[in-house]
Amino acid sequence: MTTTTVPEFQHRTVLLDEAVDALALDGARANGVFVDGTFGRGGHSRLILSRLGPKARLIAFDKDPQAIATAEQINDPRLTIVHDSFATMREALAERGVNQVDGILLDLGISSPQVDDAARGFSFRNDGPLDMRMDTTRGMSAAEWLATENEQTLEKVIKEYGEERFAFQIAKAIVARRAVEPISTTRQLAGIVAGAVKTREKGKDPATRTFQAIRIFVNKELEDLEVGLNHAYDSLAPGAIIAIISFHSLEDRMVKRFFASKANVEQPDRRLPIRAVDLPQPELKLLSKMKPSEREIDENPRARSAVMRVARRLPVPEGA
Ligand SMILES: C[S@@+](CC[C@H](N)C(=O)[O-])C[C@H]1O[C@@H](n2cnc3c(N)ncnc32)[C@H](O)[C@@H]1O
């Protein structure tokens, strides 16, 4: 048991029914083994558990100690909790006696409690220490990174992960300011960015892109997704389903490409003397791509950028 205290911030689960429906927890699958790679506050996990049979298992991952403390409050012998990245899935499952699973859900990015709690340092709206780590037990905070990184890398990260046009000006302003005083709060950083961004996007704070970029970098979100996709794929039993909810185009592009690389295999020249069983076979079947309904977006504006992609692991053909 951890002694982490969990402040009272709520997370409104995005695509709750749609994601759990996608895992098709019926028939024999109801007593299978499932993974929730991003427990958060457990919205998806609780619904999954409510639909699973008595012999099922749900293995839930999260990097965030507060998410883990929340998971530990669920008294259900079918639930196993892992305080680590889903990028460790293969080994984490093997250590718990699991080699293959029947379904995996990843609901990527940050949870509302992480953004809403000023003390976590993710928000440019509420002043707090510039931390931005999902896993507050390890790694470098945003403040530590901004204090030490060279200007070119700052610019590259802000440009690539934030898709920010003014990355050059922002990186320069950060380096100039840190020579005068440490940049240690979210308000300071938001002010520096606002001074460097020369135009305004309608309805968007000028710091949005930079905060997104730094958060993605500090938490190694894209590296984890790259590794995690492979771990997840290797862990899928034939017929297993994988559902991934992304919240920005960098993530969704990676998921889309990964799924396509397993689903669309190039066939060799048909005139070549190759036996049918030796022809490359697709390993995933793409099942659906879905966005939240207008109604869900009205009720929960944070759902507006979500995209869910679902695929099924195909069985290896006989004789292959
Ligand atoms: C959008 S929230 C998930 C919300 C959850 N589905 C719910 O209904 O409460 C994303 C969560 O994933 C966690 N997370 C993000 N990347 C992770 C990773 N690579 N490994 C484990 N957890 C991760 C975050 O700490 C956060 O708690």
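Side notes on the structure shown:
- Answer residue from the range 41-52, given it is under 16 Å from T80 (Cβ atoms) and without any contact (Cβ under 8 Å) to a residue 40 or more places away in the chain and is surrounded by the most Cβ atoms within 10 Å (Cβ to Cβ) among those: S45
- Matching residues in the range 92-127 - criterion: being in contact with a Gly (Cβ under 6 Å, 6 or more places away or on another chain) and surrounded by 19 or more Cβ atoms within 10 Å (Cβ to Cβ): D102, L106, S111, G121
- In the range 114-127 there is at least one residue that is out of contact with any Asp or Glu (no Cβ under 6 Å at 6 or more places or on another chain), closer than 29 Å to S288 by Cβ and touching a residue at least 24 places away in the same chain (Cβ under 8 Å).
- Top-ranked residue of the range 70-91 - restricted to ones that are over 22 Å from L52 (Cα atoms) and within 13 Å of the ligand (Cβ to nearest atom), ranked as surrounded by the fewest Cβ atoms within 10 Å (Cβ to Cβ): D84
- Residue in the range 276-288 that is within 17 Å of the chain's Cα centre (by Cα) and surrounded by fewer than 16 Cβ atoms within 10 Å (Cβ to Cβ) present: no
We did not get these values from a lab; they are worked out from the coordinates using the rules stated. Predicted, not measured: the structure shown is a model, and the values here were computed from it. Quick reminder, even Gly has a Cβ in these numbers, built from the backbone with ideal geometry, and neighbours come from all protein chains shown.
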